Amino acid sequence: MILTRLRAETRTRHDAVEARLGFLDRPITSDSYRELLRQFWGFYEPVEARIATATDWPALEFDFNGRRKTPLLERDLATAGVGREALDKCHCPALPPLTDVPQALGCLYVLEGATLGGQVITRHLRGQPGGPYPTAFFASYGENVGPMWKAFGAFLTEYTAGHGGDDRIVASACATFDTLGAWLAAGEGRP
Ligand code: HEM
């Protein structure tokens, strides 16, 4: 079962990224939050652009466009005073390979799973001093997070039942966590 494998084989990477963010134990300021959104944008924007062209999603009956998070990051960044033109130099240079469906699905597992943690983060942000912090990105699908996650899992399960590719999906999920983790680490300490 692909989801069981993904969860088990990425757990240590997930926990490392979560610990690196240190969201729940470090104080947040509007500067650090803006920088974090900028870093996420630098990863999500090029990654989502690559996923979009990895295959013909409508032919697979998968609404990738409806799951894009870059517009939500841009909305939060605009609220935080960062315009789109200020973001162009923020692209992550080392991305996971995203040239076929299994690679795209492994990466999407990470981006979609992040919406689960996003619910915890959104609740946490509401209680933080210095807010309100814009949370379009972390809140993502709002009350539809559960159904959207279930639907993604069902798509993944059905796809692998018909096409296989499990090992490549898991490898891509691991590569996504690794590249994101390295990118977040590289940004630490930036003003
Ligand atoms: C402080 C940061 C984070 C916290 C507190 C957090 C917390 C959580 C929680 C509570 C879940 C649900 C676990 C469950 O229902 O069994 C989850 C799942 C997940 N999170 Fe995170 N998360 C964080 C950051 C991230 C990030 C940055 C990513 C990726 C970009 C990510 C990717 C995932 C994935 C893929 C899952 C699904 C695991 C599965 O059930 O297969 N998380 N996270």
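Taken together, the values in this text are just the output of simple stated rules run on the coordinates, not laboratory data. This one's a predicted model, so the numbers in the text were calculated from it and none came from an experiment. FYI the Cβ positions are ideal-geometry reconstructions off the backbone, even for glycines, and counts take in every protein chain you see.
Annotations for the structure displayed:
- Distance from the C-alpha centroid of the stretch 142-191 to that of the stretch 33-90: 15 Å, rounded to the whole angstrom.
- Relative to the longest principal axis of the Cα atoms of the chain, the long axis of helix 101-126 lies at roughly 30 degrees.
- Using a Förster distance of 22 Å, the FRET efficiency for ARG75-ALA19 (Cβ separation, nearest 0.05): 0.20
- Between ALA151 and GLU9, the modelled labels are 2.7 nm apart [label points 7 Å from Cα along Cα→Cβ].
- The C-alpha atoms of the chain define a longest principal axis, and helix 70-79 lies at about 10 degrees to it.
- Label zone at ALA59 (point 7 Å along Cα-to-Cβ), backbone N below 16 Å, the stretch 149-187: 163
- Calculated FRET value between HIS91 and MET1, using beta carbons and R₀ = 30 Å, to 0.05: 0.30
- The stretch 1-92 shape via C-alpha gyration tensor axes, a/c threshold 1.5: oblate
- Proxy reagent accessibility, fewest Cβ within 10 Å first, across SER32, SER140: SER32, SER140
- Against the chain, whose longest principal axis comes from its Cα atoms, helix 30-54 is set at around 20 degrees.
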